[in-house]
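Peer 1: I have a structure I would like to understand better, so I am pasting it below and will then ask my questions one at a time.
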Amino acid sequence: MNNEYKKLVNGLLRFLSFLILLASLILIVSIWWQTLAVWYLRLTHPVGGDFYTGLTYAVQIAKHVSLPPAGWLSFWNAGTPIVGGYQWLIFYLIVPLIPIFGVYKALDVISLGSILLYFLFAHLLFWQITKNHLISIGLTLINLASQAVYYQLIIGGMITGSTMQFYLPLSLLFLYRYLESPYRTRSLIATGIVSAISIIHHPALGILFVVLPTVTTFVIKEFTSKTHKHTIIYRILVYIFLLFSVGAIGIFPFLFSMSLTETASKCDNPQCWGIYPYHIERWLGWLPIWLVVISLLLTLGVVVIRKIFGRATSIKFLAGPAAALTITVLYPVAAYFHLIPTLTNSIFP
């Protein structure tokens with residue numbers, strides 16, 4: 001009887017947790033609709049020159065859908081049968097929407113919908129990590145209030161960037177589900193496939209903003225666990241195999257544009273090195289250095305406090321902040337010394 005009572009209580013708690021999660025997802029959709037969707041859909045003109053360029057390509061592919069992918073304009077890739085050119089998977093994603101909304105509104109719908117997916121997957125990721133509804137809802141509300149999520153769409157009209165933000169939380173969501181239960185191999189497979197699709201969407205952005213954080217998290221979590229090293233290497237190789245096999249159609253043209261063309265060797269556009277938006281200029285100045293100094297002082301304070309209370313500080317405890325600082329500082333330092341012109345030129349469009 002006691003066991004049956006526990007099963008009943010656990011079942012009710014699980015159901016209540018599901019209702020809270022469902023309510024929080026409805027709340028996210030409601031806030032997204034009121035703060036972004038209604039306003040954006042009522043705009044009479046596209047935002048930013050990037051949207052106009054994307055609209056030009058979208059009109060072209062709407063008239064001449066190329067399957068299998070062979071480049072959407074005649075001069076792209078000199079006829080090579082690969083997805084390539086200015087933007088990537090986005091135009092194939094809007095094809096089913098064009099008969100319903102038309103080309104212009106289809107770009108709006110896919111952009112807004114992608115941002116909504118980002119919020120939903122980010123919320124599920126917060127819940128997966130914390131197992132606490134209050135914390136996950138709080139983090140999601142902070143996310144909803146942040147201008148950074150909307151910046152690419154409502155300032156520059158950057159369709160590629162605004163439509164691929166959801167890949168990172170989705171990739172990490174599957175990764176954490178796998179790390180929580182290593183025998184759930186399908187979660188690892190899903191992680192590799194999502195990361196690979198992000199590369200097809202846009203190789204440079206996918207590698208930097210999806211694959212790199214996912215791999216960093218994967219490696220740190222695995223090597224700080226008690227799993228046998230041979231097993232860890234096997235799991236990482238499975239992820240890499242999925243990444244390169246599924247994402248090959250995006251990786252090849254990216255490497256081609258970086259290594260076999262003259263434009264990849266240098267960037268003559270002043271916006272690559274000379275003209276930055278204000279929010280990027282701050283990160284190319286002293287801000288990363290102050291961030292490192294403050295983070296080190298805070299970490300030292302935490303270590304001292306833990307020492308006072310007789311608790312040791314492990315490498316696993318310090319790995320997260322160290323990885324975050326490395327990624328945060330790496331790009332501005334490399335950009336300041338002009339060490340990444342090829343990569344910057346590949347990302348710039």
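Peer 1: Near the amide H of Met158, under 5 Å away, which other amide H atoms are found, from residues 5 or more places off or on another chain, if H is placed in the peptide plane?
Peer 2: Those qualifying (amide H under 5 Å, at least 5 residues apart or on another chain) are Leu153.
Peer 1: What is the distance in Å between the Cα centroid of segment 91-120 and that of segment 185-252?
Peer 2: 27 Å
Peer 1: Which net charge results for the neighbourhood of Ile315, defined as the other residues with beta-carbon distances under 15 angstrom from its beta-carbon, given Lys and Arg at +1 and Asp and Glu at -1?
Peer 2: Around Ile315, the charge tally is +4.
Peer 1: Taking the simple approach of a point 7 Å from Cα along Cα-to-Cβ for both Asn2 and Thr44, what is their distance in nm?
Peer 2: Result: 7.4 nm between the two label points.
Peer 1: Under 11 Å from the Cβ of Ile98, count the other residues' Cβ atoms, weight Lys and Arg +1, Asp and Glu -1, and hand me the total.
Peer 2: It works out to a net charge of +2.
Peer 1: When you count, for each residue, the other Cβ atoms within 10 Å and take the mean per peptide, how do 214-225, 118-129, 14-25 rank with the highest first?
Peer 2: Peptide ranking by packing, descending: 118-129, 214-225, 14-25.
Peer 1: I've got another one for you. Would you mind computing, in nm to one decimal, how far apart the modelled labels at Asn10 and Gln60 are, each placed 7 Å from Cα along Cα→Cβ?
Peer 2: Rounded to a tenth, the inter-label distance reads 5.8 nm.
Peer 1: Another question, then. Filter the cross-link list Lys7/Lys221; Lys7/Lys226; Lys131/Lys226; Lys6/Lys316; Lys7/Lys316 down to pairs whose alpha-carbon distance in this structure exceeds 29 Å.
Peer 2: Lys7/Lys221; Lys7/Lys226; Lys6/Lys316; Lys7/Lys316, as the Cα separations exceed 29 Å there.
Peer 1: Near Ala190, within a Cβ-to-Cβ distance under 13 Å, what is the net charge of the other residues, with Lys and Arg +1 and Asp and Glu -1?
Peer 2: Overall, the nearby charge balance is +3.
Peer 1: Right, here's the next one. Please give the contour-minus-distance gain from Ala323 to Phe309: 0.36 nm per residue of separation, less the Cα-Cα distance, rounded to one decimal in nm.
Peer 2: 2.4 nm
Peer 1: Please give the peptides 299-309, 92-102 ranked by average Cβ packing (other Cβ atoms within 10 Å per residue), highest first, as a rough proxy for protection.
Peer 2: Put in order of decreasing packing, that is 92-102, 299-309.
Peer 1: Continuing with the same structure: Using per-residue counts of other Cβ atoms within 10 Å, averaged over each peptide, order 201-207, 287-293 from highest down.
Peer 2: Ranked from most to least packed, the peptides come out as 201-207, 287-293.
Peer 1: Next question, about the same structure. For segment 9-40 and segment 305-334, what is the centre-to-centre distance using only Cα atoms, to the nearest Å?
Peer 2: 33 Å
Read-outs: derived from the displayed coordinates by stated rules, not from any lab. Computed from a predicted model, the values in this text were never measured in an experiment. Note that we place each Cβ from the backbone using ideal geometry, even for glycine, and neighbour counts take in every protein chain shown.
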